[in-house]
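Contents: one structure, followed by commentary.
Taken together, the values in this text are just the output of simple stated rules run on the coordinates, not laboratory data. For clarity, every value in this text was computed on a predicted model and none was experimentally measured. Cβ sites come from the backbone with ideal geometry, for glycine too, and all protein chains shown count toward neighbours.
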Amino acid sequence: MATGNTAKLLHVDLSTRQTRTEVVPETTVRKYLGGGALASYILLRDMPAGVDPLGPDNVLVFTTSVINGLSLSGTNRYTAAAKSPLTGGYGESEAGGWWGPELRAAGWDAVVIRGKSAAPVYLFIKDDTVEFRDAAPYWGRLSGEVQDGIEAELGDKRVRVLQCGLAGERGVRFAALVNQLKHFHGRSGMGAVMGSKNLKAVVVRGTKPPVASDKAEAKGQLVWFKDHYERATDRFHQVGSSGGVLALEASGILPTRNFRDGSFEGAKAISGQTMRDTILVNRGTCYACAVACKREVEVKELGVTAKYGGPEYETLAATGSLCGIDDLKMLALANQLYAQYVLDSISTGAVMAFAMECYEHGIITKEMTGGIELQWGNADAVIQMIHLIGKREGIGRLLGEGVKRAAAQLGKGADRFALHVKGQEVPMHDPRGKKGLSLAYALSPTGADHMEAPHDPLYAGFHPQGHPLGALGLIEPLDPLTLDSKKVRAFFETQKVWSAYNSVGMCDFVGAPLNALGLEPMMDYINAVTGWNMSLYELMKVGERNNTLARVFNNRQHAGAGLQQPRGLHARGRHPAPAPARGHRQRRAEGLEDRPRRVLRGPPHLLRDGGVGPEHGPADGGQARRAGCGGSCGRTEVGR
Ligand code: SF4
């Protein structure tokens, strides 16, 4: 990091193997802070319109923030951004872990990568020095071998390895990035971008951690958090995001069998609570975070080790209920394979559920799968499919394109089963039971994204007596099953909070309203670290700027018709949900003109025609239980 709150950017041209340093002035840094806002600023500035997402002109940016690498819990997150090979528009994905703080300790705030190496290469950034190193020994290897090999080659177990995985090398459009084997940039296909550049990894080692401008004041905020956070009662520490399985099952919106159902008979078997009581061996954490929400599991008979962490909610739902699988140990194995191939678990699970429904309807045949019987609940088939997708072999070549492109290639009405927004597969949250989330899905510049704003159960908790978002005027409780002007306003305000979190690198499992760290203490911490006097208004403008720039990026790339229009999920969403969200559907008037069809049980013809059908079962408009999000509203690194 540069001094005086300027930012120091490392520019790398892989084609020429040259580097240069850019110092961003303090006023610019204060307008963007880092993360998604700084990344979209750089991409807009540096990337020409109309580039091929998998070509050398795509620019891959990694941005930290002004508070990354210091000691407050939850401030370790950083951003990967580029033009997405999945959507053709703005691609952004955050991860926690250790890589961002290490980059800051090496003296850099961001890395901007362009061009394409003639041969496989990895970057080694050690403080001021940058080396281009031969990655041939690691090309084609699984992530664990790469991590171990690079640590051994460099003779340092404290290097932090961010890598693209085999899936990224082979151009799977939803390939992820991972640091230290467990911390993922899951969404938007950033792994495919990195692989297309013949760049295997970016390895960092720093020896000069950043320090606060006002150390005493910054320490005061650490004490504030210690006084206000109670680990013993924190659901994120106890069951992590996997607590979402039973919470969403209770609300009748656990995505099941490709969103056909909202209740899964095997929910308890694959829940976070069952995981805690059976295969959980440890709770992992990110740099300097007291919450320690990460799962680490072991299943000796399947070769599953804690080295690759454990499944988050999104993984349990996308590979479990969405594919009809109720075997937790096999889901742990699937999770390990996602980590080894470095795949986005949401998109991979979604594309497999899509394939299962196509198989059910004879659109994908046993001949096409190479003999794999893709029935709902067939865990062995899912494991085989992950290998094929990760290697982009057999039918994995088709499915590695994502549901939108796969459906177009298959024809025969396969698009009825392809649930996506702007080409990105739908996360494991059904907007028919969380109406505000439908706005997030429809309006997100990155396509279907559950990380745009808090989910509706949190809107239900607004109140005038000291609610952490009361400072934004959000004091009135809102029903999760309504989508009216009050909900739209709440979404608009809270989307700025979430975008500000993405810009400053704050984990929303630590920040309010999901956890203890309020907006004002966070502001005080930013000011203590930087020496500024930022206001909450100024911070919200950063969040707004982040969103605006991402949308401008999409406009400028004009990379595909519809990128800027609000997009819904699929016709399936126009069909009503079962109890307790029974009868709820989404309307065209909600701006969701093509979203998932029958989320929950309905006559087969409604699946086939994708039309708007009659109410299924009693149209009682029952209220979804305000069960709290149970972590389901939150983030999983695999999931973003
Ligand atoms: S709450 Fe969890 S994901 Fe967030 S920073 Fe802490 S350990 Fe990482």
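For the pair VAL23 and ALA49, a Förster radius of 35 Å applied to the C-beta separation gives a FRET efficiency near 0.85, rounded to the nearest 0.05. Within segment 7-205, antiparallel bridges make up roughly 75 percent of the DSSP beta bridges whose residues both belong there. What lysines could a cross-link reach from LYS226, if we take a straight Cα to Cα line under 19 Å and drop same-chain neighbours fewer than 8 places away? Excluding near neighbours in sequence, the set is LYS215.
Footprinting exposure proxy ranking of VAL426, VAL342, fewest other C-beta atoms within 10 angstrom first, gives VAL342, VAL426. Of the residues SER65, SER40, the one with the fewest other Cβ atoms within 10 Å heads the list, and the complete ranking is SER40, SER65.
Between GLU301 and ARG489, the simple spin-label model (points 7 angstrom out along Cα→Cβ) gives 5.7 nm. Close amide H partners of ASN282, meaning residues 5 or more places away or on another chain with modelled amide H under 5 Å apart, are GLU296.
Under the simplified labelling scheme, the HIS228-LYS366 pair shows an inter-label distance of 6.1 nm, with each label point 7 Å from Cα along Cα→Cβ.
Over 29 Å between C-alpha atoms is what I'm after, so list which of LYS200/LYS541; LYS197/LYS391; LYS31/LYS307; LYS434/LYS496 land there. The partial results should precede the final answer.
Numbers: LYS200/LYS541 36 Å; LYS197/LYS391 18 Å; LYS31/LYS307 39 Å; LYS434/LYS496 19 Å.
In this structure, LYS200/LYS541; LYS31/LYS307 exceed 29 Å between Cα atoms.
What share of the DSSP beta bridges in the chain is antiparallel, in percent to the nearest 5?
On the way: 45 of 60 bridges.
If we restrict to bridges inside the chain, about 75 percent are antiparallel.
One quarter of the convex hull surface built on the alpha carbon atoms of segment 7-205 amounts to 9.8 nm², the projected area averaged over directions. Computed from backbone phi, the HN-Hα couplings of segment 70-82 come to 8, 10, 6, 3, x, 9, 9, 7, 9, 10, 10, 8, 5 Hz, rounded to whole numbers (Karplus: 6.51 cos²θ - 1.76 cosθ + 1.60, θ = phi - 60°; Gly and Pro given as x).
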